[in-house]
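The values are calculated or read from the model by the stated rules, or taken from the named source; none is laboratory data. Please read these numbers as outputs of a predicted model, since none were measured by experiment. Cβ sites come from the backbone with ideal geometry, for glycine too, and all protein chains shown count toward neighbours.
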Amino acid sequence: MSLADADDDNPYLREPPTTFESVDNLEADQAKEQVEHLREAIREHDRRYYVESDPLIADRTYDALFARLQELEDAFDLSHPDSPTRSVGGEPLEAFETVAHVAPMLSIDQSGEAEDVREFDERVRRELDNDPDYVCEPKFDGVSLELVYEDGRLERAVTRGDGREGDDVTANARTIGSVPQRLHGEYPDFLAVRGEVYMPKDAFQKYNRERIERGEEPFANPRNATAGTIRQLDPSVVADRPLSVFYFDVLDSSDLVDTHREELERFPEWGLRVNDRVEVVSDIEDAIAYRDRLLEDRDDLNYEIDGVVIKVDDREAREQLGQTARHDRFAFAYKFPARAEVTPIVDVAVQVGRTGRLTPVALLEPVDVGGVTVSRASLHNPAEIAEKNVNIGDVVRVQRAGDVIPYVEEVIEKHSDGHYELPDACPVCESPIERDGPIAYCTGGLACDAQLRRSIEYYASDDGLDLEGLGEKSVRQLLEAGLLESIADLYDLDRETLTDLEGWGETSVDNLFTELEASREPPLTEFLSALGIPHVGPATARELAREFGSFEAFREVAETEPERLEDVDDVGETVARQIHEFVTSEANADAIDAIIEHVSPQETHLEATGDALSGLTFVFTGSLEGVTRSEAQDVVEAHGANATGSVSGNTDYLVVGSNPGQSKRDDAEENEVPIIDESEFRELLAESGIALE
């Protein structure tokens, strides 16, 4: 259907209303008729928006039609698999089903050398009776899908997989606006097309910026973002991410045409979006020139491409050329060289760390740096930004510090005025920003969602209370579900509510509650570290615990006599001031009070009594008989050893008690660290004249 041949009595096409009468006033047959008109109109508006780029109505009007359709479908039980409302996602899947392709989705031969393209042309001309025409298309850097339509309805969408079969991602594909649930116009009874799912570059940068500002890890490049999205088991997650599709080939059809160009001409009539940079040439030199033009325009396109595809136009000629085991012989990809080190800054996002520190991050056009694709780079701090005179739009050279962390080395081409300035308020919680020398901080404390999430993650980490099963993903899930608004809320979690969440079975819930219960009486050292006080990691926390013995004594000194903190090893004037500011912050003080209602940090006495264990490092997991883990740590530290929360290559012994966690055992095996049980631990102490009591 198109607007020209639409039913004249469809009220939702040319001038649709934005308000509707109550569903309570409708009869079932009236609701059904309205639903049919709404679906027809929404499909046409989708085609005009996604395919023609010529919308007829405003976004708010479209939203009103969509909301009305959802309302009617829910009220009268009129849902249907190919309804536009399926674009908001359905129930999460347990796993993807593997499905065979209608026709093989093979790869194509490729090269970055023009001479190899000419050799492809010579081979084609040798094997064909007539001189070929070529269809030249951008080579999209996304994820290929097979989409199958029967009687105009989307039946399934399948990833490329191994080329013979792939994952059924139909539920996810239905959420993408440029995937029509039903075809338009005069379509074949059966149609299998190949499309490329991608994330537009502007949408990718916006989405990455939002992830960074939420304290989440950004995607490396648009292709990774697309691949990670299309394989989500929850279609509603896919619906929230900005994906789009270009269609570029017919895999099979009940109504095949003679040439590829004819196929592409028919696609928009059916509601399938094609790229506007496709050209037909009769000479291979024109195809090479096409590639060079696209290379020049690459940065101006709103989608990632890594070359061009040159295809024989005539379908009969394609059949004559045939296939190898891996690729079609009628097509060739002329690749672009990788971008290397120099790239423009598209935007700047501000990341909020656990302590409130603001780190500006440059969002880049993806660039190859030492064989790794980089789409972001640290700008470190405002002082460095000013020194390098860096701003959005500038072309910069990117390096990787220690071959790991990307950073902006210098500006190569200045396309802006001045340098980037941090905002005056936190991008997450809008609290004022304060400067401490070259560093900027959000003053929101644990009232800032970004700091809260990172604080909960740190509280549960190896450097905190080591709550196994509570990593970044699960913390984010609990926050998004509204179950956590503070660290203390961990101790008020409800078993039944947790079990209802995706991925939380009874076993994982039981394990978490066991960990939480064990953490109610933590060693003072672990608790002080878990609070996430700036510059107070496990080593400094151990010295504070040794000096003050109890949390109450530490807190009183930190609040009222911060200068006394400077007497502690590893604590200087700056650290003492930051500890004082942390514990006296109203938001942090309230958060600590709430935690203390559930947790009783154990007093510790770390007076040195000898050096019999000097140089050794112990890690404990599980429960010991007759003593707490904290007391065992006190004993080894009192005799010169170190007790840490995580296993590394520097660990000498992992002591395993009853009901131990598995991750530390796995780390010990990976690092070839000796694993000893409680009796072996007691024997080791006894050999040094130490009693564990």
- Checked region 122-166 for anything in a strand (DSSP E or B), surrounded by fewer than 20 Cβ atoms within 10 Å (Cβ to Cβ) and within 25 Å of the chain's Cα centre (by Cα); matches are SER144
- By residue number, the members of region 370-384 that are more than 10 Å from TYR407 (Cβ to Cβ) and free of Cβ contacts under 8 Å to residues at least 60 places away in the same chain are GLY370, GLY371, VAL372, ASN381, PRO382, ALA383
- Could you check how many residues of region 66-89 are assigned to a loop (DSSP other than H, G, I, E, B), modelled with pLDDT under 85 and closer than 27 Å to GLU27 by Cα? 5
- Task: Have a look at ILE433, ILE385 and point out the one that is in contact with a Ser or Thr (Cβ under 8 Å, 6 or more places away or on another chain) and surrounded by 15 or more Cβ atoms within 10 Å (Cβ to Cβ).
- Result: ILE433
- Message: Quick check on VAL396: is it in contact with a helix residue (DSSP H, G or I) (Cβ under 8 Å, 6 or more places away or on another chain) and either surrounded by fewer than 16 Cβ atoms within 10 Å (Cβ to Cβ) or not in a loop (DSSP other than H, G, I, E, B) (or both)?
- Response: no
- Item | Test: residue in region 541-553 that is of a type in the set (Lys, Arg) and within 23 Å of ARG453 (Cβ to Cβ) | no
- Message: Yes or no: region 274-285 includes at least one residue that is within 30 Å of ILE412 (Cβ to Cβ), touching a residue at least 24 places away in the same chain (Cβ under 8 Å) and in the same structural domain as ASN208 (by TED's automatic domain parsing).
- Response: yes
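When you scan region 102-114, do you find a residue that is surrounded by fewer than 20 Cβ atoms within 10 Å (Cβ to Cβ), over 34 Å from the mean Cα position of the chain (by Cα) and farther than 14 Å from ALA287 by Cα, even just one?
no
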- Note on the structure: Out of (1) assigned to a helix (DSSP H, G or I); (2) at positive phi; (3) among the small types (Gly, Ala, Ser), the one SER630 does not meet is (2)
- Item | Cross-chain or 6+ apart pairs with Cβ under 7 Å, region 343-366 first and free of Cβ contacts under 8 Å to residues at least 24 places away in the same chain, then surrounded by 19 or more Cβ atoms within 10 Å (Cβ to Cβ) and part of a strand (DSSP E or B) | THR359/GLN351
- Query: Cβ-Cβ below 7 Å, separation at least six or inter-chain, first residue in region 46-65 and in contact (Cβ under 8 Å) with a residue 40 or more places away in the chain, second surrounded by fewer than 17 Cβ atoms within 10 Å (Cβ to Cβ) and aromatic (Phe, Trp, Tyr): which pairs?
  - Reply: none
- How many of the residues making up region 165-196 are under 27 Å from SER107 (Cα atoms) and of a type in the set (Lys, Arg)? 2
- Query: Would you say GLU119 is over 30 Å from TRP504 (Cβ atoms) and either at pLDDT 90 or above or crowded, with 18+ Cβ neighbours inside 10 Å (or both)?
  - Reply: yes
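Determine which member of the set SER646, SER630 is closer than 17 Å to SER519 by Cα, in contact (Cβ under 8 Å) with a residue 24 or more places away in the chain and surrounded by fewer than 17 Cβ atoms within 10 Å (Cβ to Cβ).
SER646
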- In region 527-565, what count of residues is obtained for those that are among the acidic types (Asp, Glu), modelled with pLDDT of 90 or more and over 19 Å from ASP593 (Cβ atoms)? 2
- Considering only residues that are among the β-branched types (Val, Ile, Thr) and buried (at least 18 other Cβ atoms within 10 Å of the Cβ), look in region 503-560 and name the one that is nearest to ASP462 (Cα to Cα). THR525
- Message: Within region 641-693, considering only strands (runs of 3 or more DSSP E) that don't extend past its boundaries, which have at least 3 residues that are under 14 Å from SER623 (Cα atoms)?
- Response: 653-656
- Item | In region 214-238, the residues that are buried (at least 20 other Cβ atoms within 10 Å of the Cβ) and in contact (Cβ under 8 Å) with a residue 60 or more places away in the chain | GLY215, PRO218, PHE219, ASN221, PRO222, ARG223, THR226, ILE230, GLN232, PRO235, VAL238
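Listed here are the residues, each with its yes/no results for (1) out of contact with any helix residue (DSSP H, G or I) (no Cβ under 6 Å at 6 or more places or on another chain); (2) at pLDDT 75 or above.
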site: MET1; (1), (2): yes, no
site: ASP7; (1), (2): yes, no
site: ASN10; (1), (2): no, yes
site: LEU13; (1), (2): no, yes
site: ASP24; (1), (2): yes, yes
site: GLN30; (1), (2): yes, yes
site: LEU38; (1), (2): no, yes
site: TYR49; (1), (2): yes, yes
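Any residue at all in region 459-472 that's surrounded by fewer than 15 Cβ atoms within 10 Å (Cβ to Cβ) and either free of Cβ contacts under 8 Å to residues at least 12 places away in the same chain or outside the structural domain of GLY215 (by TED's automatic domain parsing) (or both)?
yes
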- Query: Is it the case that some residue within region 332-347 is under 30 Å from ILE456 (Cβ atoms) and modelled with pLDDT of 90 or more?
  - Reply: yes
- Kindly indicate which of GLY640, GLY657, GLY622, GLY615 is at positive phi, free of Cβ contacts under 8 Å to residues at least 40 places away in the same chain, surrounded by 14 or more Cβ atoms within 10 Å (Cβ to Cβ) and more than 36 Å from the chain's Cα centre (by Cα). GLY640
- Note on the structure: From the option list GLU304, GLU263, single residue qualifying as of a type in the set (D, E, K, R), buried (at least 18 other Cβ atoms within 10 Å of the Cβ) and within 27 Å of the chain's Cα centre (by Cα) is GLU304
